[in-house]
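See below for the structure under consideration.
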Amino acid sequence: MKILLGILLFLLCWVPVCHSQITSTDTVRLTKLPSEGILLDKGWKFHADDDSAWANPEFNDRDWQSINPALDIRHIPQIQNVSIFWLRLKLLVDSSMMDQPLGMSISQVGASEIYLDGIPVYKFGTISKNRSEIRTHFLLNNPFSMKLGSNRVQTIAIRYSYDQKVFLIKWGFDNYCMHMVVNSVQTTFSTYQKNVRVSSIYEITKCALWMLLCIFSFGLYFVIRSQKEYFFIGIYSLFLFISNILGGLIARELSDTSAYAYTYFLSRLFLILGVMVVYSVLFRLYNQNKNWYYYALMACSFFAIISYFIFYDQATSIFLAVFVLLGFEFSRRSWKAIKNNRPGATLLFLAATTVFFFAPLMIFLLRFNFLATAAFVAFLAEISIPFYWSLFIAGEFGRTGLALQARVIEVEQLSEKAVSQEREKQQFLALQNETLESKVSERTSELNESLRNLKSTQAQLIQSEKMASLGELTAGIAHEIQNPLNFVNNFSDLNKELIDEVSKANEDGNSMGVKELLSTLKDNEEKIYHHGKRADAIVKGMLQHSRTSTGQKESIDLNRLVDEYLRIAYQGMRTRDNSFNTKIETHYDQDIKRVNIIPQDIGRVLLNLYNNAFYTVMEKKKRQSELFEPTLTVTTIKTEHKVEVRVKDNGNGIPKKILDKIFQPFFTTKPTGQGTGLGLSLSYDILKVHGGEIKVETEEGKYSEFTILLHT
């Protein structure tokens, strides 16, 4: 642990130091070009503000400040609070190079206009004193050509804008203000093309490897869903693929400095997220418990990302230091897994060790500006990781396959054993079947006989229920016609007396009396005729409702049908028990005109519901005496596509434990001999035939409400 902390402190303290500005002379000589070119980092003059005359080669810039623009733009104090400024450099050109084209590799993060002897050569971005209007143009060793003039002394003038609020990120190179390397045109362009080609090969190779590992991992996960490690390895590979796409291929195509920096930052974000995912997978692979050190490393990883917004120069070192810590911890846990004989741990140990040793080497190379070598080392380190992971996954899949093969062999052996046992069972069952068949035949005949008896009993019970309904209907009809018959009998008796009086008055010669008596006799006869017709209508109407159903629907006044059967049921109860009395409330929706139903069947349903309601309020009345007022409420309601008939009583209600049984055949709560248990069952079947339904709402001890729903 002490060694690890020492490495961390070394990486955090080893950050780039601001270079001194060397200005040994005001003029740079261009004589012979070395193979590596000439970096124009000396002899530059600086002046803040903006004046087009400063591009003139004859302008006297001796009072201007000396500056080195080839440094990181954050390390040049003169330009930190300046939005626009000029740079000038005088070149003493050898006669052999006059009127010759030169190549220039330019790196910058601002916006610039380049002049040679007062003539504009290149413009990159938009220059303005207003920082909101500045449009930076990012260049990194981009090649350009510039033809020198015929003068001995030639002047390069650069008009430059920079916004200090632009987000910058350092990763392997400085964010140069103006980094110009002069070389031959051929060398400049060929070097750039070579670097681009090598970089493209690196990035495409890495992207391809990470994508293959991603597809491989997700494919195995969808085949073997129980191995969730494959899914997380696929996520890790996908994050690394995105990181390489953003940082290696997309970022270098962007010209805006902020867009480049944010894209590169996203690539680092996906990189660290991928490493965090794979570090978490490690604990699952090795069946190890997460401790405080795990959560500390997770926190350091988040800090490494945040550090890009806090520490400009140190962020890269912090980022790489976290990588070293993760690599060390990965190696340590893999080594522990190797000692515990965990298959495949050696491959992951090699992958972690590669990162652990290559990261410091890359930092060393970057520190001394060996960019090409550092890029190659980073390339080797990164492609080794998906290579090791692919081998590890292949090994895991192979071991899983071997385990499955062994399991298949075991299953085959068990199957053979099971088949052998099954044969023995079949032989035993064959002997038992012969014995059972004879017993089954005997039991079958007994069951058939019981079934015939059950069907006969069921038919008798249904007939009994129908006869009970008919009896209740007959009692109601009899009571209904009793009233008009009483009127007929009474007026008939009166007419007998009147006839005698007419005869006597006629004998006495009282013609006026005869006329009055005959008039009274005529009135009585009309009353007899009226009440006779009334009785006849009642009988016909009731018989119409009580006759055997034809099964044909008719257009019926539903309110009238509901009311008639209510009176029949009430009078029937009064006939059986003259002490019965209950309050009846009716609420008929007058919008209901006529409904197509089988009236006799719906009448049976209504009669059953009324009788049940009267029965339950009578039972409650017996227990509560004068304190309770029996009440039956009948309501009809018309909705958009249905009509409802609601029958509500304030009786005993239905217990919840039997609520789901009330529509079952032969289920009844009445004492033995008072009910067959078929009333609600038949009602349910009748409504089902009508395409309707019946619902119940109840609260034990308080009320019950049955609702009939019929489609219009």
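The values are calculated or read from the model by the stated rules, or taken from the named source; none is laboratory data. Given the structure is predicted, the values throughout are model-derived calculations rather than measurements. Positions of Cβ are backbone-derived with ideal geometry, glycine not excepted, and every protein chain shown enters the neighbour counts. The area values use the complete protein model at the heavy-atom level, side chains included, leaving out ligands, DNA and RNA. Shrake-Rupley method; radii C 1.70, N 1.55, O 1.52, S 1.80 Å.
Observations, loosely collected:
- If the condition is being modelled with pLDDT of 85 or more, open to solvent by less than 30 Å² (accessible area, probe 1.4 Å) and among the aliphatic types (A, V, I, L, M), then the range 570-601 contributes Ile592, Val595, Ile597, Ile598.
- One residue stands out among those in the range 676-700 that are part of a loop (DSSP other than H, G, I, E, B) and open to solvent by less than 80 Å² (accessible area, probe 1.4 Å): the one that is modelled with the highest pLDDT, which is Gly692.
- The range 34-64, subset assigned to a loop (DSSP other than H, G, I, E, B) and in contact with a helix residue (DSSP H, G or I) (Cβ under 8 Å, 6 or more places away or on another chain), residue modelled with the highest pLDDT: Phe59
- Being surrounded by 21 or more Cβ atoms within 10 Å (Cβ to Cβ) and in a helix (DSSP H, G or I) is true of Thr188.
- Qualifying residue in the range 240-259 (condition: assigned to a strand (DSSP E or B) and at pLDDT 85 or above): no
- Selected residue (criterion: modelled with the lowest pLDDT) from residues of the range 384-418 that are under 20 Å from Phe218 (Cβ atoms) and among the hydrophobic types (A, V, I, L, M, F, W, C): Phe397
- Figure legend. Inter-residue proximity from the range 148-174: first residues in a loop (DSSP other than H, G, I, E, B), second residues of a type in the set (D, E, K, R) and open to solvent by less than 20 Å² (accessible area, probe 1.4 Å), beta-carbon distance below 6 Å, spacing 6+ or different chains. Indicated pairs: Asp174/Asp72.
- Verdict on Cys177 being surrounded by 21 or more Cβ atoms within 10 Å (Cβ to Cβ) and at pLDDT 90 or above: yes
- Residue count for the range 159-202 under the criterion of being of a type in the set (A, V, I, L, M, F, W, C) and in contact with a Pro (Cβ under 6 Å, 6 or more places away or on another chain): the result is 4.
- In the range 159-180, the residues that are hydroxyl-bearing (Ser, Thr, Tyr) and at positive phi: none
- Filter result (open to solvent by 10 Å² or more (accessible area, probe 1.4 Å) and within 13 Å of Leu40 (Cβ to Cβ)) within the range 103-115: Ser105
- Of all residue pairs spaced 6 or more apart or on separate chains, those with beta-carbon atoms under 6 Å, a first member in the range 92-103 that is under 13 Å from Leu33 (Cα atoms) and a second member that is in a helix (DSSP H, G or I) are Pro101/Val185; Gly103/Val185; Gly103/Thr188.
- Candidates in the range 596-642 are the residues that are among the aliphatic types (A, V, I, L, M), touching an Asp or Glu at 6+ places or on another chain (Cβ under 8 Å) and in contact (Cβ under 8 Å) with a residue 40 or more places away in the chain; of these, the one that is farthest from Val689 (Cα to Cα) is Met618.
- Test: residue in the range 647-657 that is in contact with a Pro (Cβ under 6 Å, 6 or more places away or on another chain) and open to solvent by less than 40 Å² (accessible area, probe 1.4 Å): no
- Which listed residue is open to solvent by less than 20 Å² (accessible area, probe 1.4 Å) and among the charged types (D, E, K, R), from Lys170, Lys194, Lys228: Lys170
- Selection of first residues in the range 666-688 that are of a type in the set (Val, Ile, Thr) and of second residues that are assigned to a helix (DSSP H, G or I) and at pLDDT below 80, restricted to Cβ pairs under 7 Å at least 6 apart or on distinct chains, gives the following pairs, ordered by first then second residue: Thr676/Leu461; Thr676/Ser464; Thr676/Glu465.
- Screening His137 with (1) surrounded by fewer than 16 Cβ atoms within 10 Å (Cβ to Cβ); (2) part of a loop (DSSP other than H, G, I, E, B) gives one miss only, at (1).
- Residue check, Arg197 modelled with pLDDT under 90, out of contact with any helix residue (DSSP H, G or I) (no Cβ under 7 Å at 6 or more places or on another chain), more than 23 Å from His75 (Cβ to Cβ) and of a type outside the set (Val, Ile, Thr): yes
- In the set (1) open to solvent by 30 Å² or more (accessible area, probe 1.4 Å); (2) under 25 Å from Glu554 (Cβ atoms); (3) part of a loop (DSSP other than H, G, I, E, B), Arg604 fails one condition alone, (3).
- Qualifying strands (runs of 3 or more DSSP E) (wholly inside the range 65-126; at least 3 residues being closer than 27 Å to Tyr260 by Cβ and not basic (Lys, Arg)): 84-93, 101-108, 111-116, 119-124
- Residues that are touching a residue at least 12 places away in the same chain (Cβ under 8 Å) and of a type in the set (Ser, Thr, Tyr), drawn from the range 567-590: Tyr570, Thr575, Thr582, Thr586, Tyr588
- Residue pairs meeting the criteria (Cβ under 6 Å; at least 6 apart or on separate chains; first free of Cβ contacts under 8 Å to residues at least 60 places away in the same chain, in the range 505-518; second open to solvent by 100 Å² or more (accessible area, probe 1.4 Å)): Val514/Asn506
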